[in-house]
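Chemist: Sending over a structure as structure tokens; questions will come in a sec.
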Amino acid sequence: MSAQSCVTFTNGGSESVLTALLSARSRFERDNPGLDIRTARIFIGSGAHYSIERAIRVLGFPPANVVRIPIMPEGQTSASALREQVIAAKVAGVPILAIVATSGSTACGAFDDLPAFRQTADTCGAWLHVDACHGGACRLVPELARCVRGLEFADSFSWNPHKMMWVSPPCACLFVRRRRDLHLALAHDLEHASYILDGAAGRPSEKARESLEWALSCTRPFSALKVYLTLILFGLEGVAERIRSMHALARKLATAVAEDHRFHLFANPAFNIVCFRHRNIGSDLSAGHRQLRLNLSVAHECYLTGAEIHGEYWLRAQFTSEATRESDISKLLDIVDAEASQIRGS
Ligand SMILES: Cc1ncc(COP(=O)(O)O)c(C=O)c1O
């Protein structure tokens, strides 16, 4: 982090992206006086978390201002499609406010190519925000850090220690490369905050000011303490080791799926999410897998989530619990197989 940057705690990834895009909008307005902000576009990947589009809507932009970039077969946002669409927008004279990349997509854990996104953002002066809520933890593990290569060049990024750092929720962070951008977006309402800012000697306290200029909410939990205690308890290396073990389990499941003729693997996991399907579950694979997941969630033998990717439904295993053992992997596949044959027979 440079001396100009800052990190602030928020109440979640959704608040982080809202704050980041508010800063982006405020910078855009300063840099483009007279330009109608309502014409500006925000580019996001089709696999972006729903909170991104919600934040854009809260900021007053209708859905038409969102350009959704397709994802590639393994779930990453297509950096070449992004570049082409940005070029097309520039040629058409459409202003571009921001580009949002995802580092660890919710559906399948795919990581966008951040250096390529940065390059494209630079061609049009757009703010680059990276939603690293899930995958930011890879930065703590040297051999996984490549997943988030280029994160440090984002204008802002969000990261949730309440995910893969096992801090109790809510505990989320927003990093902003030039804290002046955050300050200029949030400082101007503070004339009505004198009840907090007026120090004992009648002078505003700079620290109190900072805490209100760097975040949307006023009263906030002491999230930094939870991160501190987690680090005291496990140590940075202890956290890294847990992350490593979740990645190792995900790879083991992926290998088991790939080597088992009953199953179909979506993609090799970059981190801790594995999507897969049973090959023989009836003619409507998506409906069959939806039913299968529902049945499993009632049976309580294992817990899988599901994800819609490229219009198809996949089973989704996310490794986060230390209680999960390597031996659970073959059990899981047998349970899924038994459930698939029930569905076939019904
Ligand atoms: C990639 C990603 N971004 C954003 C969010 C939203 O974070 P929060 O639940 O802290 O608002 C999530 C939550 O699951 C997520 O996985």
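The values are calculated or read from the model by the stated rules, or taken from the named source; none is laboratory data. Everything numeric in this text was worked out from a predicted model, so none of it was measured. Reconstructed Cβ throughout: ideal geometry from the backbone, glycine too, with neighbour counts over all protein chains shown.
Chemist: Pick out, from region 233-346, the strands (runs of 3 or more DSSP E) lying fully within it that include 2 or more residues that are under 20 Å from Thr106 (Cβ atoms) and touching a residue at least 60 places away in the same chain (Cβ under 8 Å). Write out each step before concluding.
Modeler: Working: elements: 263-265, 273-278, 305-309, 312-318.
Qualifying strands (runs of 3 or more DSSP E): 273-278, 305-309, 312-318.
Chemist: Kindly list the number of the only condition in (1) away from the ligand (no atom under 16 Å from the Cβ); (2) surrounded by 14 or more Cβ atoms within 10 Å (Cβ to Cβ) that fails for Gly75.
Modeler: For Gly75, the exception is condition (1).
Chemist: Do we find that Gly34 is out of contact with any Phe, Trp or Tyr (no Cβ under 6 Å at 6 or more places or on another chain) and within 16 Å of the ligand (Cβ to nearest atom) in this structure? Give the steps one after another, and end with the answer.
Modeler: On the way: out of contact with any Phe, Trp or Tyr (no Cβ under 6 Å at 6 or more places or on another chain): yes; within 16 Å of the ligand (Cβ to nearest atom): no.
No, not satisfied.
Chemist: Does Pro169 satisfy the condition of being farther than 30 Å from Arg25 by Cβ and assigned to a loop (DSSP other than H, G, I, E, B)?
Modeler: When the stated conditions are applied, Pro169 does not pass them.
Chemist: For region 333-344, indicate whether the set of residues that are of a type in the set (D, E, K, R) and surrounded by 20 or more Cβ atoms within 10 Å (Cβ to Cβ) is non-empty. Before you say what the answer is, go through the steps one by one.
Modeler: Going residue by residue through region 333-344, those that are of a type in the set (D, E, K, R) are 334, 337, 339, 344.
When the remaining residues are screened for being surrounded by 20 or more Cβ atoms within 10 Å (Cβ to Cβ), the result is 339.
Scanning region 333-344, I find at least one residue that is of a type in the set (D, E, K, R) and surrounded by 20 or more Cβ atoms within 10 Å (Cβ to Cβ), so the answer is yes.
Chemist: Considering region 1-21 alone, what residues qualify as being of a type in the set (Ser, Thr, Tyr), under 13 Å from the mean Cα position of the chain (by Cα) and buried (at least 23 other Cβ atoms within 10 Å of the Cβ)? So that I can check it myself, show each step before the final result.
Modeler: First, the residues of region 1-21 that are of a type in the set (Ser, Thr, Tyr): 2, 5, 8, 10, 14, 16, 19.
Now restrict to residues that are under 13 Å from the mean Cα position of the chain (by Cα): 14, 16.
Correct list: Ser16 only.
Chemist: Another question, then. Taking into account only those residues within region 206-233 that are hydrophobic (A, V, I, L, M, F, W, C), surrounded by 13 or more Cβ atoms within 10 Å (Cβ to Cβ) and within 24 Å of the chain's Cα centre (by Cα), which is nearest to Gly136 (Cα to Cα)?
Modeler: Our first condition is that a residue be hydrophobic (A, V, I, L, M, F, W, C); within region 206-233, this holds for 208, 212, 214-216, 218, 222, 224-225, 227, 229, 231-233.
Subset that is surrounded by 13 or more Cβ atoms within 10 Å (Cβ to Cβ): 208, 212, 214-216, 224, 227, 231.
Subsequent filtering for residues that are within 24 Å of the chain's Cα centre (by Cα) retains 214-216, 224, 227, 231.
On the way: Trp214: 20, Ala215: 20, Leu216: 22, Ala224: 17, Val227: 14, Leu231: 16 Å.
Of everything passing the filter in region 206-233, Val227 is nearest to Gly136 (Cα to Cα).
Chemist: What residue, of Ser80, Ser46, Ser103, is free of Cβ contacts under 8 Å to residues at least 60 places away in the same chain, polar (S, T, N, Q) and over 22 Å from Ser156 (Cβ atoms)? Can you show your working first?
Modeler: Working: Ser46 fails: over 22 Å from Ser156 (Cβ atoms); Ser103 fails: over 22 Å from Ser156 (Cβ atoms).
When all the criteria are applied, what remains is Ser80.
Chemist: Within region 146-195, can you find the residues that are at pLDDT 95 or above and touching a Cys at 6+ places or on another chain (Cβ under 6 Å)?
Modeler: Within region 146-195, Cys147, Val148, Ser158, Trp159, Asn160, Pro161, His162, Val176 qualify.
Chemist: Being more than 14 Å from the ligand (Cβ to nearest atom) and out of contact with any helix residue (DSSP H, G or I) (no Cβ under 7 Å at 6 or more places or on another chain) narrows it down to one residue among Ala40, Ala24; which is it?
Modeler: Working: Ala40 fails: out of contact with any helix residue (DSSP H, G or I) (no Cβ under 7 Å at 6 or more places or on another chain).
Of the residues listed, the single one that is more than 14 Å from the ligand (Cβ to nearest atom) and out of contact with any helix residue (DSSP H, G or I) (no Cβ under 7 Å at 6 or more places or on another chain) is Ala24.
Chemist: Would you check which residues across region 122-177 are more than 22 Å from Val239 (Cα to Cα) and either within 12 Å of the ligand (Cβ to nearest atom) or acidic (Asp, Glu) (or both) and list them?
Modeler: Asp122, His129, Val130, Asp155
Chemist: Quick one: in region 136-166, of everything that is touching a strand residue (DSSP E or B) at 6+ places or on another chain (Cβ under 6 Å) and in a loop (DSSP other than H, G, I, E, B), which residue is farthest from Arg25 (Cα to Cα)?
Modeler: First, the residues of region 136-166 that are touching a strand residue (DSSP E or B) at 6+ places or on another chain (Cβ under 6 Å): 136, 147-148, 151, 154-160.
Those left that are additionally in a loop (DSSP other than H, G, I, E, B): 154-155, 160.
Details: Ala154: 16, Asp155: 12, Asn160: 23 Å.
Filtering first and then ranking leaves Asn160.
Chemist: Continuing with this model, one more query. Give the residues of region 43-72 that are assigned to a strand (DSSP E or B), under 22 Å from Ala92 (Cβ atoms) and within 15 Å of the ligand (Cβ to nearest atom), sorted by residue number.
Modeler: Initial filter on region 43-72 (assigned to a strand (DSSP E or B)): 43-45, 66-69, 71.
Pick out the ones that are also under 22 Å from Ala92 (Cβ atoms) and you get 43-45, 66-69.
Across region 43-72, the qualifying residues are Ile44, Gly45.
Chemist: Another question, if that's okay. Looking only at region 52-72, which residues are surrounded by 22 or more Cβ atoms within 10 Å (Cβ to Cβ) and free of Cβ contacts under 8 Å to residues at least 60 places away in the same chain?
Modeler: Listed by number, the residues that qualify are Ala55, Ile56, Ile69.
Chemist: Are any residues in region 196-213 assigned to a strand (DSSP E or B) and at pLDDT 70 or above, and if so, which ones? So that I can check it myself, show each step before the final result.
Modeler: In the first step, residues of region 196-213 are kept if they are assigned to a strand (DSSP E or B); the result is 198, 204.
Across region 196-213, the qualifying residue is only Asp198.
Chemist: Looking at region 82-112, which of its residues are more than 16 Å from the ligand (Cβ to nearest atom) and either within 13 Å of Val66 (Cα to Cα) or outside any helix (DSSP H, G or I) (or both)? So that I can check it myself, show each step before the final result.
Modeler: Looking only at region 82-112, we keep the residues that are more than 16 Å from the ligand (Cβ to nearest atom), and these are 82-97.
Answer for region 82-112, where residues must be more than 16 Å from the ligand (Cβ to nearest atom) and either within 13 Å of Val66 (Cα to Cα) or outside any helix (DSSP H, G or I) (or both): Leu82, Gln85, Val86, Ala89, Ala92, Gly93, Val94, Pro95, Ile96, Leu97.
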